[in-house]
Amino acid sequence: MRLRKEELYKVLVRPTVVITTISRNGTLNAAPFSWTSPITTKPPLFEFSCNPAHDTWRNIRSNGEFVANLVEEDFGPLMPILEHDFPYEVNEIEKANLTEMRSVKIKPPRIKEASDGLSAE
């Protein structure tokens, strides 16, 4: 079967998560990723593809922590804000008018408006 160009999105749609991290100085970072996969729950292992020059990777390398916030379709309009290449110490959660929720065991927060959060330590 051959797909028309306007139908291709049906095949390429992938779930998107918003990864939240925190810098050494305490600034929050939030960025969307669609190349993701949970690996195990015990221990909690989650993989995603990230450019090593990205602030998200810089923060994870610095403290080893992140939260994968599972988001739904209503986050679509927020993606341009979360994808924007702000300077390093800019809080994207604030820029997108989202609400931080304290994580139980790690420093990076969850996003209240997200469906759920998977945290990794």
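Just so you know, all these numbers are worked out from the coordinates, no wet-lab data involved. Since the model is a prediction, treat every value here as computed from it, not as a measurement. Neighbour counts are summed over all protein chains in view; Cβ atoms, including those assigned to glycine, are modelled from backbone coordinates with ideal geometry.
Assorted remarks:
- For region 92-111, a residue qualifies if it is buried (at least 17 other Cβ atoms within 10 Å of the Cβ), of a type outside the set (G, A, S) and in contact with a Ser or Thr (Cβ under 8 Å, 6 or more places away or on another chain), and the qualifying residues are I93, I106, P108, P109, R110, I111.
- Filtered residues of region 37-72 (kept if free of Cβ contacts under 8 Å to residues at least 60 places away in the same chain and more than 20 Å from E92 (Cα to Cα)): S37, I39, T40, T41, K42, P43, E47
- If only residues of region 13-68 that are among the hydroxyl-bearing types (S, T, Y) and in contact with a helix residue (DSSP H, G or I) (Cβ under 6 Å, 6 or more places away or on another chain) are counted, the one that is surrounded by the most Cβ atoms within 10 Å (Cβ to Cβ) is T21.
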